[in-house]
Amino acid sequence: MTNLSQISHSYREDVCELEFQVRKAKGNTGGDGVVGRFVENVRNCDIFIEDYHVLVYLDVQLYKFRSSRRFDMKDLKNIYFTYDTKDSVLRVSLPCLPHSEEERPEKNSQENKTKNAERPLDLWKLKRITENCLLKIDNNAELLRPEGSFAYGFASKFRGKIKSCDCDLDTITRMPEPDRVSPLQRLIDRDVDEMKNFCRDQYKLNFVELQVPDGLDNPMHFTFNFKDNTLDRDEEYLLHNLTSKPELMEMPDQYDPMEIDCGLISILLAICYDVRFTSNEPNCESAWTRSILSATLTYFEPFTSLKDVVISFMRRSLIYPLYRNYELSRQCVEDCIAALQNNSQWILKQLLITHDCFSLNERAVFNYYYIEDYIRYVANQAICPSSHLQMLAHNLKNVLFDVFKKNLGLGLQELETELLKELITDIHIAANSTSEDESVETESDTSSDSSSSDDSDSDDDSVIEQKMENLKL
């Protein structure tokens, strides 16, 4: 998500008045050292609301506000926004419900503050009200409807209808028309899709140990070779074509550096999973794997938080591919960290391999909007030196220390506890059944078999108990 901005607010009776300070470009920002993106069209917006939260995506900026008063969700028609071009301020008034006894500020004010701080944002509860909003600019009498023409692709430099590349976009991306869908809506759609597609049974199957089909190598045992970075003839030719013209190496006039780096990490994490899965021998499934695990590609979703990128990848790696194991997902993040620390040439080669994987099928559209620009980005030592990648590795490592199962929002802790209880119950039932069957045998045989059974049961119990102890919350 991009350019999170603050909102000024005040309460007047049963109305919440909000002021958005809009970041407007002043003249040419290409050479003055100003970094970031600026609002060019205030009509280009998308508005969402729930009981205590308001989210507004304004052209390129995201505004999030959490209210201490509950909004009146019954009648949200004809919401009027006013925009002051002189002060670059967007204003709106939203109705609130009357104070209840619990919400009166004069009673338990500290308790109310704590209660408000604990109200998390639930994307599923957000109500899109864009179609019910009108915009008035300065003192003009005309009321304008919101528009929908949002940026997408590398550095969000593309606008307008997507280039189809003669493929069925519906089969490779959830955003066949990203220009008409705000990044905020893309995030919401992705969250909904992931929760619908998460399979509890498939996760359980790979929880204790990866279920590796015959003939395939266990990806947990694969060892990366970051010195394997020599380009073959086709890769050298492609790299030359993509970087030979100076104008192709130039960055857009306006861009968010963090968004670019987060996109790179999102793609690189998917690559690391595929390298482990295929033992660094890309196959016919590699194009699907390298695209489906990256929300940047599948949803044209921009990120400006490394933690959001890691959580997104780990969620998707537990939902879509063959192996859905939490420790494997974390191992892929560690692989990404090692790649950033060790060798930018390995990353460049993998991006070239990804380009080749996509060019052989309908995913060539991803090459045009992301991969080719990221190849130029990594190859450009002036804007992406090794020191920059090492800095990203350091930041990503710190993020990994702060990501736990509870952050993924898939209920993994409860699911694992439920599974382990089932396994323990099954072991005890099997042990009791074995004991009853052995009681009809001779005393010596019973003694021998019982000892063997006890040892086996003890071993099984120790594995389960160890899993219980090692659950990472």
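The values are calculated or read from the model by the stated rules, or taken from the named source; none is laboratory data. Predicted model only: the values in this text are computed from it and were never measured. All Cβ positions, glycine included, derive from the backbone under ideal geometry; neighbour counts span all protein chains shown. Please note that ligands, DNA and RNA were not included when accessible areas were found on the heavy atoms of the full protein model with its side chains. Shrake-Rupley method; radii C 1.70, N 1.55, O 1.52, S 1.80 Å.
Per the listing 149, 109, the residue uniquely under 30 Å from residue 256 (Cα atoms), open to solvent by 20 Å² or more (accessible area, probe 1.4 Å), modelled with pLDDT under 95 and among the small types (Gly, Ala, Ser) is 149.
Among the conditions (1) touching a residue at least 40 places away in the same chain (Cβ under 8 Å); (2) more than 26 Å from residue 37 (Cβ to Cβ), residue 299 misses just one, which is (2). Taking first residues from the stretch 375-397 that are open to solvent by less than 30 Å² (accessible area, probe 1.4 Å) and partners that are assigned to a loop (DSSP other than H, G, I, E, B), the Cβ contacts under 6 Å between residues at least 6 apart in sequence or on separate chains come to 377/384; 378/384. Of the residues 286, 317, 279, the single one that is open to solvent by less than 10 Å² (accessible area, probe 1.4 Å), small (Gly, Ala, Ser) and over 14 Å from the mean Cα position of the chain (by Cα) is 286.
Of the listed requirements (1) under 18 Å from residue 203 (Cβ atoms); (2) open to solvent by 10 Å² or more (accessible area, probe 1.4 Å), residue 361 misses just one: (1). Can you spot a residue in the stretch 190-208 that is open to solvent by 40 Å² or more (accessible area, probe 1.4 Å) and part of a loop (DSSP other than H, G, I, E, B)? Within the stretch 190-208 (the criterion being open to solvent by 40 Å² or more (accessible area, probe 1.4 Å) and part of a loop (DSSP other than H, G, I, E, B)), the answer is yes, since at least one residue qualifies.
Selection of the stretch 306-330 for residues being out of contact with any Cys (no Cβ under 7 Å at 6 or more places or on another chain) and either of a type in the set (A, V, I, L, M) or not in a helix (DSSP H, G or I) (or both) yields 310, 311, 314, 318, 319, 320, 321, 322, 323, 324, 325, 328.
Within the stretch 241-259, residues that are within 25 Å of residue 39 (Cα to Cα) and open to solvent by 50 Å² or more (accessible area, probe 1.4 Å) have Cβ atoms under 6 Å from residues that are in a loop (DSSP other than H, G, I, E, B) and modelled with pLDDT under 90 in these pairs: 253/30, counting only partners at least 6 apart in sequence or on another chain. Being open to solvent by 50 Å² or more (accessible area, probe 1.4 Å) and either at positive phi or in contact with a strand residue (DSSP E or B) (Cβ under 9 Å, 6 or more places away or on another chain) (or both) is true of residue 136. Looking across the stretch 260-284, the residues that are out of contact with any helix residue (DSSP H, G or I) (no Cβ under 8 Å at 6 or more places or on another chain) and without any contact (Cβ under 8 Å) to a residue 12 or more places away in the chain come down to 281, 283, 284.
Within the stretch 218-234, if we keep just the residues that are out of contact with any Asp or Glu (no Cβ under 8 Å at 6 or more places or on another chain) and open to solvent by 100 Å² or more (accessible area, probe 1.4 Å), the residue that is farthest from residue 341 (Cα to Cα) turns out to be 233. Name the residues in the stretch 352-404 that are acidic (Asp, Glu) and either closer than 19 Å to residue 310 by Cα or not in a loop (DSSP other than H, G, I, E, B) (or both), would you? Within the stretch 352-404, 356, 372, 373, 402 qualify.
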